[in-house]
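Structure first, commentary second.
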């Protein structure tokens, strides 16, 4: 694809140092290597500052929502803090979906928003928006900088706020006059600082040890706050001889081939996984907020279950369930402390191990891709989801590949049947925002160039952000996008079928040939209409050094695994 080169701009021999330059210096001091965004009037000086340095890469996306989700993917990678920027008013509003999703999932993102100059605020000037009022309900902190000398203080505080404690998005509003103001040479970024995570109180650890030692059916539940290496959680499960579960869409926290792992809760969870929680006499919840899906709308835990709840955010303790032992602490530090405590008495430990082995055998049967229940799977035409999961399973077993699951109706297939031997090899959205997959995959690929990223999206989600496949081509982001194409908003279609007598409205639509769309933009594209062709198509895409789309055509009425129905809207 040929493009005409832009005319070179006249050289600026020695631009004076400005607030925008100070913002960039602060980002450099904090180790930021990537900023994504859409150009606009109130961020032009910031873009110019980025253009005059070579340590931070700027990626121009075709929509601000994509920039926000891309930053989300960078943060989830563990390689650094994701940063996005947008101009005032409409640009800022376009970021809201990504910011809200990051807030709901506790993902740190630094959001920089250009604002109208302070001299014309409150006059309803062009594209003026009250940025702080708009974003405050969906951020950990929102702040507007009114004086250039406060940029280091407030911007670097925003970075620390985003990544410390319970992570989350932070918005910094930067008025144009502050970005253009002269910045004195003595104004410099502060050194990068990070606080140590809080450790558990010794008395609380002793109480938890005593409670767990006396349990007959203890269970460990890991949430999104169970960060760090999986070894500490596996050692704890081995010490307690207890089942190890994860919350919804967090099944990649620990390797699934460990005998203590017994599945992820949430929509699509197997009955054996839910039963383990119902029968628990003591539940140890690490970094878990007891969300609606994880708890089956807050009905899964028995009133007689005794709870040990650990979270870095004190407001989570007792917000849904009152713990017998509550600890405000880093989940990994608690796991290490509990794993170092004496093991339960031999007789009790033997009984737990025997029960755990029986539960694991049952779990292996129901999650197998050859499970009897899957024999009833009938796609009615096109590619079956069972075949797709088998191909994804082969990818999950390969080193050097990271899978990313968007929020389509296909997700329960991976939730129920994908087995992950490599921790942190699957990233999934639990916030509910459609269109997260492609942009987050872009961020993940940029942050982890040593890995190949494969995203799995529904056609509805993918087409909401498909324009940024051009960004992938332009920026050389080699994401392979597997698009499960059933020409329908599958989740809503299934609800209309089960709860509204099959009265379908607004759920079916037409799609382009996604593979041809990919080729038209300079990427690689394959259209697959039979099970037999899917694995070869994915391998061909991975053999390319270009971004790719695999258009997986399915029947428009096909969706959920056999026997699974969507929860009723209530």
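The values are calculated or read from the model by the stated rules, or taken from the named source; none is laboratory data. Computed from a prediction, not measured in an experiment: that's the story for all the values here. Cβ placement follows ideal geometry from the backbone for every residue including glycine, while neighbour counts extend to all protein chains displayed.
Tabulated data for the structure shown
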quantity	calculated
Long-range neighbours under 8 Å by Cβ, at least six apart or interchain, first residue more than 17 Å from residue 390 (Cβ to Cβ) within region 360-380, second part of a loop (DSSP other than H, G, I, E, B)	360/259; 360/260; 363/270; 365/371; 380/555; 380/557; 380/558
Selection within region 267-295 - in contact with a helix residue (DSSP H, G or I) (Cβ under 7 Å, 6 or more places away or on another chain) and in a loop (DSSP other than H, G, I, E, B)	267, 268, 270, 287, 289
Which listed residue, of 317, 284, is crowded, with 17+ Cβ neighbours inside 10 Å, assigned by TED's automatic domain parsing to the domain that holds residue 220, free of Cβ contacts under 8 Å to residues at least 40 places away in the same chain and under 27 Å from residue 104 (Cα atoms)	317
Scan of region 27-43 for residues that are within 23 Å of residue 116 (Cβ to Cβ) and surrounded by fewer than 23 Cβ atoms within 10 Å (Cβ to Cβ), ordered by number	38, 39, 40, 41
When residues of region 174-189 are limited to those that are part of a helix (DSSP H, G or I) and under 34 Å from the mean Cα position of the chain (by Cα), the one surrounded by the fewest Cβ atoms within 10 Å (Cβ to Cβ)	176
Tally, over region 28-42, of residues that are over 23 Å from the mean Cα position of the chain (by Cα), under 24 Å from residue 93 (Cα atoms) and not in a loop (DSSP other than H, G, I, E, B)	2
Wholly within region 61-155, helices (runs of 4 or more DSSP H) carrying at least 1 residues that are without any contact (Cβ under 8 Å) to a residue 60 or more places away in the chain, over 30 Å from residue 441 (Cβ atoms) and outside the structural domain of residue 432 (by TED's automatic domain parsing)	131-135
Output for region 202-233, where each listed residue is over 26 Å from residue 108 (Cβ atoms) and surrounded by 15 or more Cβ atoms within 10 Å (Cβ to Cβ)	204, 205, 207, 208, 209, 211, 212, 213, 215, 217, 218, 219
